[in-house]
Each structure stands twice: as structure tokens, then as C-alpha cells.
Amino acid sequence: MGTEHELSVNDPDLRPLPIVDRILESINGKLENDVPFGGVNLSKELQKNVIEIVPAVPHTSVPGLERTLYDGMRRLHLATGHRYSLLGLGMHPLLTLDQTSVWDHQDHEIYEAYDRLFDLRQHGWLNIQALQINLHYASEGKMVSMFNRLRALTPYLVALTASSPFVEGRGTSVMDNRLMYYRQNQSRVPAICNNLIPEMLRSRAHHDEIIDSIYSELRAIGGDVLCHEWIDSRGVIVRYHRECIELKACDEQECIRSDMAITAFVLALLRSDIELEEDHGSLLEVNEAAIRNGTASCRPELRRLYGAARRAATSEELAYLPLIEKRIEEGSLAELMEAMRRDGTGIRDIASYMVRCLKDNVPAKAE
């Protein structure tokens, strides 16, 4: 397994800084998209105020992965002289679109095509941060079964990981604004995102048919340069070149520890024998409620999933599951943040607290 963590780079006042190109160049000695950095790699994202931290190699231990990632993040703070604050969450809660810009170095022609076809000046491109979990498959059968299981789990994981209730410094009535914006960012070719929930997969050939149909639509509107595996933007994605399934639906959490709890929960559920809803329309309904209301929309089902995860978890995974239970019973991070706002804490102060959670690797709790 491996995870990908998208973190915004900010000044001490939490203003987003579109300087990831300068950070990567200063660390590496020359500007590249991906920079080796000890046990992790540092990578650019589309938006220049977001840096991605990923493990340099796949891991088999969740605690080992956590140590590697947290050490990499601490070393990044050290390498930049602690001049910048890093912030997780599914969206930067204060960012306005004029505060960031699109990556304009290597691969700029890809982003120019995205901009021409889909308009990048929107929150669905410039203010999204996902926790992505990559899980290896050993055969076509395993690929199909894992894909379909993650597909059926997606709405509940969306509810559990919602962490983007604020947009441009304002509260909203939505707990997962990242997905609300993200699912619309390529609406000119709806199949690319498929409203987050992919079709149930029958085989590798079936997957290829789906992707080829997306390529055909793109070519019809002059998007040939985008006809690659990475164009797939659904909540669950097959990555042939890495032989893994990528879960892309989860909001980035407030700290690495919380990300690892989500990862442990997913691993245990993949191993469990729990029966899951498969009807596409039903999953879309649950997902819509999850985006808007977080765990409040599906708490009984989340409790059932938690019980199944506990029965199937390894001893390492069990150590992370109490945080999952807490989020199920007390609400997702978005629900916690919204409760803090209703109690009178300012959104900037809430964001500052989330910065400390990330830096100290301590999950958030009601203050």
C-alpha cells in the first residue's frame, strides 16, 4: 500500500503561497515535478500552493508508513526553515482563487488543455486536497473484486472523511465542499468523474471499454493530449502502471495519524466479509447525503462497517480504529469544525488549530 497526502503551503497568517516550485527547486538543486526526500518523495500538484508527500516505496505496515510520512513532513519543515505552515483538510478554508495559480513548468501543456476544455479557475481545480490510498492487486480477479468493494464503500468513506465545510472563510451547509466542487470540474465530459461513483466492474476488458469511451469524447473536443490513464477522476480508479487500485474519494484529514486511521479502516474492510449495497442509484443517493451531512447521514451503517472492520483487523490496524469509532459517533472532522464555528470559534482560528494538529500529528478534538 501507499498513500498520497496533499498539503497547502501558507505564510504564518495562513495566506496560501503559490511557491511549491521554489521549494522543490531549493531542496533538489533543480526544478523537477518529483523530488526524492529521504523516505518520501515530494511532488507538485496542479495548484502551486499545494505540495504532495508520498512514501518513496510501498509499505506493508500502517505504523511504519505513518512514521515514514511524519518524518518526511518534519524534515520538510526543517528544510524550509520553519518559514511556512502546512495545512491538511479537503480544502483550504480561507483561500480565494486569486491567491494561487496553476503549475506552469513541466507538463504545462497538459494543464493548458485542461484549462481550455474545463476552465481551471474554479475551486474544483485550485482548492482541493485529497487523501489517496493506493492498494496493490495481484491479479485481474483481485483488481475487479477490490475495485467493486471500494466502489460500494465510497459513500460511507466520504461521510467519514468529510473535512471541507468552509469556503473562502465562510461556513456552508455542506460538509464536503471539495467533492461538491470536484465532481463538477470536468462536467463537459461527465464520464470522467461519473458523479464520483464508478460503474460496477466486470473485467479488465470492461474497464478498458469505459476508459476508451472517455478518450473518444475527449478527442471529439480536441482533448487528445489528455487521453491517458490519469484522466480518470472517479472516486475509485484502476492504475495499471502501478498495479494498484486508487481510492480518491477521501478528503485529506488534519494529520497523518488520522489519515492512517482511515487507511487501517479501509484495509480491514477489504478483508471483511460484510455485504454491501451495489446498486448505482442507491450508492449515489447515499453519497449525496454524505457530501452534504457527513456521518450524520449514515451513522447506523457506519457502525455496522466499524463492527466488521474490528472483526477483520490485524493487531496493528486495531490500534487505529478507536479514532474511527470516535469520528463515527461524534462526527467527521467537518462536523467537528462546524460545531466549533457554531460555538463561536473563528474559521481562521479553527484553521490555525488544524495546522498544529498536522505539525504535532495529533487528531483534532472539540476544544
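The values are calculated or read from the model by the stated rules, or taken from the named source; none is laboratory data. What you see is a predicted model; the values in this text were computed from it and never measured. Every residue, glycine as well, gets a Cβ built from its backbone with ideal geometry; the counts of neighbours run over all protein chains shown. SASA here: full protein model, heavy atoms, side chains in, ligands and nucleic acids out. Shrake-Rupley method; radii C 1.70, N 1.55, O 1.52, S 1.80 Å.
Note on segment 120-142: residues that are of a type in the set (A, V, I, L, M), farther than 20 Å from residue 100 by Cα and open to solvent by less than 20 Å² (accessible area, probe 1.4 Å) total 3. Filter segment 101-110 down to the residues that are assigned to a helix (DSSP H, G or I) and surrounded by 16 or more Cβ atoms within 10 Å (Cβ to Cβ) and list them by number. Residue satisfying the conditions is 110 alone. The set of residues from segment 265-287 being part of a loop (DSSP other than H, G, I, E, B), open to solvent by 80 Å² or more (accessible area, probe 1.4 Å) and either of a type in the set (Lys, Arg) or in contact with a helix residue (DSSP H, G or I) (Cβ under 7 Å, 6 or more places away or on another chain) (or both) comprises 277, 278. Note on segment 13-26: residues that are under 17 Å from residue 127 (Cα atoms) and open to solvent by 20 Å² or more (accessible area, probe 1.4 Å) amount to 3. Filtered by the rule that a residue be part of a loop (DSSP other than H, G, I, E, B) and either small (Gly, Ala, Ser) or under 19 Å from residue 129 (Cβ atoms) (or both), segment 176-195 gives 183, 184, 185, 186, 187, 193.
Scanning segment 353-367 for residues that are within 23 Å of residue 173 (Cα to Cα) and open to solvent by 40 Å² or more (accessible area, probe 1.4 Å) returns 365, 366, 367. Here the condition is being basic (Lys, Arg) and over 27 Å from residue 94 (Cβ atoms); of 311, 341, 292, it holds for 311 alone. Residues that are touching a strand residue (DSSP E or B) at 6+ places or on another chain (Cβ under 7 Å) and closer than 28 Å to residue 282 by Cα number at least 1 in the following helices (runs of 4 or more DSSP H) confined to segment 298-367: 333-342. Do we find a residue being farther than 25 Å from residue 53 by Cα, open to solvent by 20 Å² or more (accessible area, probe 1.4 Å) and of a type in the set (Gly, Ala, Ser) anywhere in segment 180-197? Checked segment 180-197: at least one residue is farther than 25 Å from residue 53 by Cα, open to solvent by 20 Å² or more (accessible area, probe 1.4 Å) and of a type in the set (Gly, Ala, Ser).
Residues of segment 78-93 that are touching a helix residue (DSSP H, G or I) at 6+ places or on another chain (Cβ under 7 Å) and either modelled with pLDDT under 95 or farther than 12 Å from residue 8 by Cα (or both): 79, 80. Restricting segment 27-45 to residues that are within 22 Å of residue 128 (Cβ to Cβ) and outside any strand (DSSP E or B) leaves a set whose member that is most open to solvent (accessible area, probe 1.4 Å) is 45. How many residues are outside any helix (DSSP H, G or I) and either touching a strand residue (DSSP E or B) at 6+ places or on another chain (Cβ under 9 Å) or free of Cβ contacts under 8 Å to residues at least 12 places away in the same chain (or both) if we restrict to segment 242-264? Final tally of qualifying residues: 12.
Residue count for segment 198-231, restricted to those that are surrounded by fewer than 18 Cβ atoms within 10 Å (Cβ to Cβ), among the small types (Gly, Ala, Ser) and outside any helix (DSSP H, G or I): 2.
For every residue, the table says whether it meets (1) within 24 Å of residue 158 (Cα to Cα); (2) touching a strand residue (DSSP E or B) at 6+ places or on another chain (Cβ under 8 Å); (3) open to solvent by 30 Å² or more (accessible area, probe 1.4 Å).
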site: 47; (1), (2), (3): yes, yes, no
site: 60; (1), (2), (3): no, no, yes
site: 66; (1), (2), (3): yes, no, no
site: 73; (1), (2), (3): no, yes, no
site: 84; (1), (2), (3): no, yes, yes
site: 89; (1), (2), (3): yes, yes, no
site: 92; (1), (2), (3): yes, yes, no
site: 95; (1), (2), (3): yes, yes, no
site: 99; (1), (2), (3): no, yes, yes
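For segment 292-321, a residue qualifies if it is open to solvent by 70 Å² or more (accessible area, probe 1.4 Å) and touching a helix residue (DSSP H, G or I) at 6+ places or on another chain (Cβ under 9 Å), and the qualifying residues are 292, 293, 303, 310, 311, 316. Restricting the first member to segment 57-84 and to residues that are more than 17 Å from residue 38 (Cβ to Cβ), and the second to residues that are modelled with pLDDT under 95 and loosely packed, with under 13 Cβ neighbours inside 10 Å, the beta-carbon pairs closer than 9 Å and six or more apart or on different chains are 83/12; 84/12. If the condition is being of a type in the set (A, V, I, L, M) and under 17 Å from residue 260 (Cβ atoms), then segment 36-55 contributes 40, 53, 54.
Of 313, 309, 334, 339, all but one fail to be in contact (Cβ under 8 Å) with a residue 60 or more places away in the chain and under 23 Å from the mean Cα position of the chain (by Cα); the exception is 334. I'd like the residue in segment 1-12 that is at pLDDT 95 or above and within 16 Å of residue 95 (Cα to Cα) and, out of all such residues, is surrounded by the fewest Cβ atoms within 10 Å (Cβ to Cβ). Result: 11. When we screen 116, 121 for residues that are part of a loop (DSSP other than H, G, I, E, B), more than 19 Å from the chain's Cα centre (by Cα) and farther than 19 Å from residue 232 by Cβ, the only hit is 121.
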